[in-house]
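Every number here is computed from the coordinates shown, using simple stated rules; none is lab data. Values in this document were obtained by computation on a predicted structure and should not be read as measured data. Positions of Cβ are generated from backbone atoms using ideal geometry, with glycine treated the same way; all protein chains shown enter the neighbour counts.
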Amino acid sequence: MTAIKNHVLGRGKIYFDPFVTGTETLTGEDHLGNTPSFGITVETQKVDHYSAEEGIRNKDLSVTSQVDFNGAFVTDNIILPNVARFFLGSSATLSQAGETATSEGITVVQGRYYQLGRTAALISGKRNVSAVAITGSVEGTDFSVEATLGRLYVIPGGNIADDSTVTVTYDVAAHSRTQVISGNDLLYGALRFIAFNGVGDDTDFYMPKVSLRPNGEYALKGEDWQQMGFSLEILQLGTNPHILSDGRPFTP
């Protein structure tokens, strides 16, 4: 029950319920994790009418012609689904089968790094390599390896000449890794905010249809916790209201 005075220190959780692609069928609410900020904005446009029969024009009617509901939030929960949402893409677990004595030719320059196992199907390369060998070269003198990342470094001053094409042979341990692939499709779904206010009455909000899109910088490096910003366009689903605000149940 709302008090006569209700000063609110807002806290709460955000849940996004994505639609099945191309439909408005809900798939289940996903908790987005900690969100340091969340807000809703309302923008209105109006059409004014003026009487111009005599003297100074006087406004005698003002009609609201358009109302836009928008929102924005920031999350510092850097989990795979949120990263995928930020890049308008998808996330998946990528499985790599084990390989033995795989070889590839690479044209190299001293002082440069090279990713092993780049193919059209695996453009970011292979990981978890071992037994890396280059014909006529010595590891630690001519080249070094970051085995977990599958990266090769050509050591300056070694016996591998600039612009030479070397044959690299290596094994790959079977493994899996997560991967996000960027896309270009807007995300549509429902959004729910459940309040757990530090001070004040808890009031929950539900938006039956929103479009979710990334907003601003995702700073991969810095002195603060990583954050990702998202903006919302709050749309109308059928004849439903754009926004519903529910107080908590009480006994009259």
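Tabulated data for the structure shown
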read-out: Rounded Å value of the spacing that divides the Cα centres of the stretch 139-207 and the stretch 10-81; value: 34
read-out: Descending Cα extents along the principal axes, the chain, whole Å; value: 95, 57, 39
read-out: Contour excess over end-to-end distance, with Cα ends at TYR15 and PHE196 and 0.36 nm allotted per residue; value: 63.8 nm
read-out: Overall Cα dimensions of the stretch 102-185, principal axis frame, Å, largest first; value: 48, 27, 17
read-out: Radius of gyration, Dmax [the stretch 84-125; alpha carbons; angstrom]; value: 14.5, 39
read-out: Loop-exposed trypsin sites (Lys or Arg not before Pro) per DSSP, neighbour cap 16 Cβ within 10 angstrom, longest uninterrupted part of the chain; value: 119-220
read-out: Low-density loop positions, chymotrypsin sites (Phe, Trp or Tyr not before Pro), the stretch 168-252 - DSSP coil, at most 11 other Cβ in 10 Å; value: PHE196, TRP225, PHE250
read-out: Amide H within-cut-off set for GLY117, under 5 Å, with H built and near neighbours excluded; value: LYS126
read-out: Charge dipole (the stretch 92-179, unit charges on Cβ, about Cα centre) - positive-most of ILE123, ALA147, SER103; value: ILE123
read-out: Structure-based [θ]222 nm, the chain - -39500 (n - 2.57) summed over DSSP H runs of at least 4, per residue, nearest 500; value: -500 deg cm²/dmol
read-out: Rounded FRET efficiency, nearest 0.05, which uses the C-beta distance separating SER176 from ASN215 and R0 of 25 Å; value: 0.20
read-out: FRET efficiency for HIS31 and ALA121, using Cβ-Cβ distance with R0 set to 41 Å, rounded to 0.05; value: 0.75
read-out: Exposed-loop-free span, longest in the chain, where GluC sites (Glu not before Pro) count as exposed if DSSP calls them loop and at most 12 other C-beta atoms lie within 10 Å; value: 55-216
read-out: SER65 versus GLU146: modelled label distance in nm, points set 7 Å from Cα along the beta carbon direction; value: 5.7
read-out: Sequence-separation-based contact order of the stretch 92-179, relative, with Cα cut under 8 Å and 6+ spacing, percent; value: 48
read-out: Rounded FRET efficiency, nearest 0.05, which uses the C-beta distance separating LEU235 from SER95 and R0 of 25 Å; value: 0.10
read-out: Hydrodynamic radius (Kirkwood) for the stretch 1-96, which is based on Cα pairs only, to one decimal in Å; value: 18.6
